[in-house]
């Protein structure tokens, strides 16, 4: 069975194979025809390619020709550039060489100039040094001279300062002496010393250096000379001086007292009631500072009496005049005794006048000096008692 099957299978396979060979041959024919067509087409295409290749070759040849021409132009351009570069290089080298030569020459010139400058500078430095040495020597000599001058000036200044200090000390002492003597107007030594000191003050001291004592002495000296307007100015300056406020009350009071005297004397000369009023204000100021200043009360009473004589009002002012003289007497101001005698003489009260006159002549030298020529005593001169008193007290 099996063998039969194999035989049948073999027959079928052979048939199939034979059929297969027949079909392949027909296809192959068709394939060959197709191949021929393709071959023809390929040949045609190859011919076309050949033509195209020829055309391409021609184009390539033309392009190569252009390239060759361009290369020729480029070569020419490069050659030109090369030549230009060479020339530029040569010019650069030449320029560098020329610059080098120029710089070298310049350097030599500069070195030479520097050398000359160094030489000149050395000479100048030497000259400057010599001049400087000379200048320094001159300056040192000048400084030495100036130092000597300054030393001399300092010595003179010291002498001047010492003299000023001595002068100021002396001025202070004189002022204190005047005040201790309650004016000192009758003391010839005080007058002379005051005059000399004032002259020295005015010669050596600038006005802006004046102290209270300097102004006071100028005022006092002017009063002694009868220069009452000047005295008034000086006493006002004395009270305005910086150190016036530091003075003791006695000095301040005496300043206003003597200032009042100058005003009163000027008032008598000018017959000026306003000046009398001004003097009374100064006496009042003095007694406000020192209420125990006897001379001021006496001068105050005397100024009141002189004002009353000017106004012809002695009797009207009698009480206040007596008040001031009485106060002065209570403070041992003996000059008031004489002034009371004058007051009563002017009132023609001879008994009272002779009483006070004798008391004054007993103890007051000033009364003896004034009694002979004082017009206030004219009402007593014809009375025998007047001559008796003069003989009694050797006037």
Exposure proxy check on 235, 216, 244: fewest-to-most Cβ neighbours within 10 Å is 244, 235, 216
Please tell me the relative contact order of region 226-392 in percent, rounded to the nearest whole number, where contacts are Cα pairs under 8 Å and at least six residues apart. 14
Taking R0 as 45 Å, what FRET efficiency do you get between residue 148 and residue 195 from their Cβ-Cβ distance, rounded to the nearest 0.05? 0.70
Residues 393, 256, sorted so that the one with the fewest Cβ neighbours within 10 Å comes first: 393, 256
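Coordinate-derived values only; no laboratory data. Fair warning: this is a prediction, and the values are worked out from it, not measured in the lab. Heads up, the Cβs are rebuilt from the backbone with ideal geometry, glycines too, and the neighbour counts pull from every protein chain shown.
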